[in-house]
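Novice: Sharing a structure here in structure tokens format.
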Amino acid sequence: MTVEDLHWFLNLFEELEVKVWLDGGWGVDALIGEQTRSHADLDIMIPVEDSLRLNEALRERDFEDVWTDDRVDENFVLGHPVHGQIDFHVFEPTNDGGGIYRPDVVDWKMTAEELAGSGAIGGRSVRCLSAEYQVRSHSGYVLKSSDLHDMKALHAKFGVKLLDEHLKALDL
């Protein structure tokens, strides 16, 4: 996925007036302010209400379900042969400005501060999750080399404290 592909999605988000936070690799790169590695897809955090509208709009543009072994209603991937893949992480907003991902299943809570992240990629300002959230969310599974690259980049740029599992995997 290229910066141009990302901009296609950003334009669609603006057109639909949906509120989206970049997550994963593009979210990390947005925090850093430049693309630091290649990306296979676009991970987003999106409120339930906006997810329904974006999902419908993408399907109208010939996006289709992409099978993943962790697919649930709150976490799914849509793909298109030209525009690439978008990985939805759907959350319920909370009254305090935060959110809960997968309520009543894992209750992964995001604070208002974690949702207040912002960055830029390819000259465009974007909403993204904070560096601290990115570190916290990259735990509890076998990290890929791209995940470790992202954690190392966040630590180098912001001095954010990495988790023990990151330090061990990075031999730090």
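The values are calculated or read from the model by the stated rules, or taken from the named source; none is laboratory data. No experiment lies behind these values; they were computed from the predicted model shown. Positions of Cβ are backbone-derived with ideal geometry, glycine not excepted, and every protein chain shown enters the neighbour counts.
Novice: Would you pick out the residues in the range 71-128 that are farther than 22 Å from Gln35 by Cβ and among the polar types (S, T, N, Q)?
Specialist: Asn75, Thr94, Asn95, Thr111
Novice: Can you tell me how many residues in the range 143-172 are without any contact (Cβ under 8 Å) to a residue 40 or more places away in the chain and closer than 18 Å to Ala40 by Cα?
Specialist: Result for the range 143-172: 6.
Novice: When the residues of the range 1-17 are narrowed to those that are touching a strand residue (DSSP E or B) at 6+ places or on another chain (Cβ under 7 Å) and not aromatic (Phe, Trp, Tyr), which ends up surrounded by the fewest Cβ atoms within 10 Å (Cβ to Cβ)?
Specialist: Restricting to residues being touching a strand residue (DSSP E or B) at 6+ places or on another chain (Cβ under 7 Å) and not aromatic (Phe, Trp, Tyr), the top hit is His7.
Novice: Right, another one. Looking at the range 1-98, what strands (runs of 3 or more DSSP E) fall wholly within it and have at least 2 residues that are of a type in the set (Asp, Glu)?
Specialist: The qualifying strands (runs of 3 or more DSSP E) are 41-47, 64-66, 84-93.
Novice: Hey, another quick one. Could you list, in sequence order, all residues of the range 138-168 that are assigned to a helix (DSSP H, G or I) and crowded, with 19+ Cβ neighbours inside 10 Å?
Specialist: Those that are assigned to a helix (DSSP H, G or I) and crowded, with 19+ Cβ neighbours inside 10 Å: Asp147, Asp150, Met151, Ala153, Leu154, His166.
Novice: Could I ask something else about it? Out of curiosity, is Glu49 modelled with pLDDT under 95 and closer than 16 Å to Lys19 by Cα?
Specialist: Yes.
Novice: Would you say Ile100 is surrounded by 15 or more Cβ atoms within 10 Å (Cβ to Cβ), more than 24 Å from Gly159 (Cα to Cα) and among the hydrophobic types (A, V, I, L, M, F, W, C)?
Specialist: yes
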